[in-house]
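Asker: Shown below is the structure under consideration.
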Amino acid sequence: MTATPVLALHEVSHHYPGGVVALEQVSLALHPGEFVAVVGPSGCGKSTLLSLLAGLTAPVAGRVSSVVRSPGELGMVFQDPTLMPWASVAENIALPLRLMRRPAGEVTARVVEAVRQVGLAGFEASLPAELSGGMRMRVAIARALVTRPRLLLMDEPFAALDELTRERMNEQLLALWRELGITCLFVTHSLYEAVFLATRVLVMAPRPGRVIAEVAVPAGYPRGDAWRSDAAFAALRGELAAQLRHSAEPASP
Amino acid sequence: MTWLRWLAPLGLGVLVLLAWEVAVRLTGIPVFVLPAPSRILMAGLESAPLLLSSAGYTLRLTLTAFLAAVAGGVLIAVLFTGSRLIEAALYPYAVVLQVTPVVAIAPLVLIWVGVDNASTAVVLLAWIVAFFPVLSNMTLGLRAVDPGLRALFRLYGGSRWQELWRLRLPAALPYLLSAMKVSAGLSLVGVVVAEFVAGSGTSPGLAWRIIEAGNRLQTPRMFAALLLLAAIGIGLFAVLAWLERRLLARWHDSAR
Ligand SMILES: Nc1ncnc2c1ncn2[C@@H]1O[C@H](COP(=O)(O)OP(=O)(O)O)[C@@H](O)[C@H]1O
Ligand SMILES: [Mg+2]
């Protein structure tokens with residue numbers, strides 16, 4: 001692996017008021033160009049992890065190191081599209097650039113580019129309420145890409161989508177990742193999705209939230225239905241499922 | 001089915017008016033107790049210039065108080081969102097102002113503003129009644145912001161000013177518009193009540209016309225003035241409901 005990670009946590013712990021230990025002693029590193037998936041049951045601290053990595057939350061203990069220095073170098077996609085319901089698709093996508101006070105000409109050009117990347121051409125003037133769930137998520141992805149980030153953090157972005165849409169979005173996300181050469185961290189509770197997308201999968205366990213295993217996915221890209229029906233795919237999924245089951249046994253309520 | 005929404009109340013109104021007319025004629029009830037609709041119409045037409053100019057005056061005062069209430073309520077709400085300290089300090093007084101009956105404050109305000117400035121006193125009193133719903137709804141709306149969007153604003157280094165303009169104010173718009181409908185009605189109530197207290201001949205508004213007609217037992221004219229007041233209230237409400245639909249129809253659930 002390359003020497004300097006794009007983003008790393010060093011023995012980071014975090015708890016919330018009320019005594020919930022969301023993360024304990026978590027260390028991880030993201031290397032340039034990687035696609036890392038994080039899987040784990042609900043409440044194991046995945047969202048907290050992203051929030052710390054994005055610098056939105058300061059950890060109670062430990063250190064976050066990052067090569068990201070200015071806004072726009074890091075993009076984020078949440079589980080909900082979190083769009084402004086009153087603003088058009090184009091205005092929603094333009095938001096990061098507007099907040100960064102970029103010149104109008106640049107905003108227009110970048111929005112056109114991002115709209116094309118997620119395949120939303122023709123819907124620039126639509127409002128979020130007029131779009132399907134999958135299209136809204138595309139808007140959120142375009143908004144994260146519009147600043148040309150080096151790093152993309154995604155928090156269960158496709159969890160609310162139907163199976164078919166999700167598979168299509170997975171393939172398109174991989175294509176974008178390869179085209180743009182960005183580093184991705186993708187949180188999901190679907191092992192299927194994790195194995196399909198990632199170069200590396202981190203398995204988390206709850207109470208306290210920690211990384212208990214790391215599984216490399218040795219398959220190359222591009223990936224498609226052939227990879228989904230590969231024997232190695234099923235084996236990796238089985239291995240991850242076993243890890244998760246194992247982690248859940250002692251601490252389950 | 002839209003025609004039903006218009007036709008049903010209209011039909012009911014016509015029926016009631018007819019029944020009223022017939023009942024008054026049959027029973028021979030004195031006109032100063034209950035005039036027939038036809039008498040009210042005649043009285044209205046006879047004194048139309050006077051009543052309409054009074055209505056104009058009342059409407060002007062109502063609109064002034066209403067706009068001041070909206071501006072004041074929004075401004076104070078924005079201050080509240082900017083600083084918890086300001087909110088903690090001011091909010092109790094806003095509540096005190098709200099719960100104290102206007103009629104009780106009216107004589108004081110009249111003394112302070114001066115009996116010669118009756119219309120200023122009326123506007124001030126109506127403002128006191130009307131601004132609270134705007135303040136409380138707007139404060140709520142400015143806070144009802146998607147936490148995910150707020151995180152996004154922080155991620156891209158958005159300033160508080162940008163958060164206000166791009167996020168909080170648009171998010172509060174539905175709250176503001178619904179408060180405006182309440183506040184417009186309260187402005188009218190405030191103006192009428194204040195005029196009753198402050199009027200005494202100096203105030204040429206509809207409220208004074210009602211008192212005057214009452215003193216002279218001109219009940220049909222009282223009814224005509226009352227109808228004009230109701231028309232002003234309905235008109236204001238209709239304009240605001242239309243505005244709400246125009247501004248929110250495409251994105252807010254309440255307007256769909
Ligand atoms: N703002 C908060 N205040 C208190 N507890 C929280 C907060 N956010 C998350 N938690 C708790 O921290 C734990 C981890 O939450 P989260 O990171 O959202 O997990 P995940 O995304 O894996 O479902 C959970 O037990 C959750 O209840
Ligand atoms: Mg989560």
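The values are calculated or read from the model by the stated rules, or taken from the named source; none is laboratory data. On a predicted model such as this, the values are computed, not experimentally measured, just so you know. Heads up, the Cβs are rebuilt from the backbone with ideal geometry, glycines too, and the neighbour counts pull from every protein chain shown. In case anyone asks, the SASA skips ligands and DNA or RNA and just uses the protein heavy atoms, side chains included. Shrake-Rupley method; radii C 1.70, N 1.55, O 1.52, S 1.80 Å.
Asker: Using a Förster distance of 51 angstrom, determine the FRET efficiency expected from the C-beta separation of B:Ser53 and A:Glu163, and round it to 0.05. Don't skip to the answer; put the middle values down first.
Answerer: On the way: r = 70 Å, r/R0 = 1.38.
E(calc), rounded to 0.05, equals 0.15.
Asker: Right, another one. Counting only the heavy atoms of the protein chains, how much of B:His252 is accessible to a 1.4 Å probe, in Å² to the nearest 10?
Answerer: 50 Å²
Asker: Now a separate question. How large is the charge dipole for region B:107-256, taken about the Cα centre, if only the Cβ atoms of Lys, Arg (+1) and Asp, Glu (-1) carry charge, to the nearest 20 debye? Present the calculation step by step, with values, prior to reporting the outcome.
Answerer: On the way: 14 positive and 7 negative charges, 123 e Å.
Taking the Cα centre of region B:107-256 as origin, the dipole is about 600 debye.
Asker: Moving to a separate point now. Heavy atoms only, 1.4 Å probe, whole protein assembly: order B:Val193, B:Val24 by accessible area, highest first. Don't skip to the answer; put the middle values down first.
Answerer: Numbers: B:Val193 40, B:Val24 20 Å².
Largest to smallest exposure gives the sequence B:Val193, B:Val24.
Asker: Any chance you could look up the accessible area of A:Trp177 with a 1.4 Å probe, heavy atoms only, rounded to 10 Å²?
Answerer: Accessible area of A:Trp177: about 20 Å².
Asker: Using DSSP to call loops (not H, G, I, E or B), can you name the trypsin sites (Lys or Arg not before Pro) in region A:6-104 whose Cβ has at most 14 other Cβ atoms within 10 angstrom? Numbers along the way, then the final one.
Answerer: On the way: sites: A:Lys46, A:Arg63, A:Arg69, A:Arg98, A:Arg101; in loops: A:Arg69, A:Arg101.
Filter output for region A:6-104: A:Arg69, A:Arg101.
Asker: FRET efficiency for A:Val112 and B:Ile111, Cβ-Cβ distance as r, R0 = 56 Å, nearest 0.05? Walk me through the numbers before you get to the answer.
Answerer: On the way: r = 65 Å, r/R0 = 1.16.
It comes to 0.30.
Asker: Between B:Leu15, B:Leu169, B:Leu177, which gets the highest mean-square fluctuation from a Gaussian network model of chain B, Cα cutoff 10 Å?
Answerer: Residue with maximal mean-square fluctuation among B:Leu15, B:Leu169, B:Leu177: B:Leu15.
Asker: Separate question: Region B:1-62 to region B:143-164: how many Å between their Cα centroids?
Answerer: Cα centres, region B:1-62 to region B:143-164: 53 Å.
Asker: Could you check which residue among A:Pro208, A:Pro218, A:Pro128 shows the biggest mean-square fluctuation in a GNM of chain A with a 10 Å Cα cutoff?
Answerer: A:Pro218
Asker: Alpha carbons only, please: Rg and Dmax for region B:39-126, in angstrom.
Answerer: Over region B:39-126's Cα set, Rg and Dmax evaluate to 18.0, 59 Å.
Asker: Binned at 5 Å from 0, what are the whole-percent values of the Cα-Cα distance distribution for region A:163-223, short to long?
Answerer: Whole-percent P(r) values from 0 Å outward: 4, 15, 26, 25, 16, 9, 4, 1.
Asker: Regarding region A:98-155, what whole-number volume in Å³ per residue does the convex hull of its Cα atoms give? Before the final figure, lay out the partial values.
Answerer: Working: hull volume 5.9 nm³, N = 58.
Convex hull volume per residue, Cα atoms: 102 Å³.
Asker: Given H placed on each backbone N at 1.01 Å, which residues far from A:Asp155 in sequence or on other chains put an amide H within less than 5 Å of it?
Answerer: Here the answer is A:Val77, A:Phe78, A:Gln79, A:Val187, since their amide H atoms fall under 5 Å of that of A:Asp155.
Asker: Give the separation of the Cα centroids, region A:104-121 to region A:162-234, in Å.
Answerer: Measuring centre to centre over Cα atoms gives 27 Å.
Asker: Would you mind checking which residues have amide H under 5 Å from A:Trp86's amide H? H placed 1.01 Å from N; only 5 or more apart, or other chain.
Answerer: none
Asker: Another question, if that's okay. With a 1.4 Å probe and every protein chain left in place, tell me how much accessible area A:Ser51 has, in Å² to the nearest 10.
Answerer: 20 Å²
Asker: Taking 1 over the mean of 1/r across every pair of different Cα atoms in chain B, what Kirkwood radius in Å do you get? Mind dumping the intermediate values first?
Answerer: Details: mean 1/r = 0.0479 Å⁻¹.
The Cα-based Kirkwood calculation yields 20.9 Å.
Asker: Give me the accessible area buried between chains B and A, both sides summed, with a 1.4 Å probe, in Å² rounded to the nearest 100.
Answerer: Using a 1.4 Å probe on protein heavy atoms, the buried area is about 2000 Å².
Asker: Just for the Cα atoms in chain A, what are the lengths along the principal axes, largest first, rounded to whole Å?
Answerer: Result, largest extent first: 54, 43, 38 Å.
Asker: So who's got an amide H within less than 5 Å of the one on A:His31, skipping anything under 5 residues away but keeping other chains? H placed 1.01 Å off N, in plane.
Answerer: Long-range HN contacts for A:His31: A:Val6.
Asker: Determine the sum of side-chain charges near B:Pro220: Lys and Arg each +1, Asp and Glu each -1, restricted to other residues whose C-beta is under 15 angstrom from that of B:Pro220. Present the calculation step by step, with values, prior to reporting the outcome.
Answerer: Details: positive: B:Arg25, B:Arg39, B:Arg209, B:Arg216, B:Arg221; negative: B:Glu21, B:Glu46, B:Glu212.
Summing Lys and Arg as +1 and Asp and Glu as -1 gives +2.
Asker: A follow-up question, please. Can you send over the carbon and sulfur percentage of the accessible area for region A:82-149, probe radius 1.4 Å, protein chains only?
Answerer: Working: 1410 of 2550 Å².
Carbon and sulfur together cover 55 percent of it.
Asker: Protein chains only, probe 1.4 Å: how do B:Thr62, A:Thr199 rank by accessible area, largest first?
Answerer: A:Thr199, B:Thr62
Asker: Once you've got the GNM for chain A with C-alpha springs shorter than 10 Å, pick whichever of A:Leu185, A:Leu99, A:Leu236 has the biggest mean-square fluctuation.
Answerer: A:Leu99
Asker: Can you tell me what the convex hull of the Cα atoms of the protein assembly as shown projects to on average, as an area in nm²?
Answerer: 33.4 nm²
Asker: At q = 0.16, 0.17, 0.19 Å⁻¹, what base-10 log of I(q)/I(0) does the Debye formula yield for region B:65-217 when every alpha carbon is treated as an equal point scatterer in vacuo?
Answerer: Cα-only, vacuum Debye calculation for region B:65-217: -0.86, -0.93, -1.07.
Asker: Let me ask another. Sorted by accessible area (1.4 Å probe), largest first, how do A:Asp80, B:Asp116 line up? Before the final figure, lay out each step's value.
Answerer: Numbers: A:Asp80 100, B:Asp116 150 Å².
Result of the area sort, largest leading: B:Asp116, A:Asp80.
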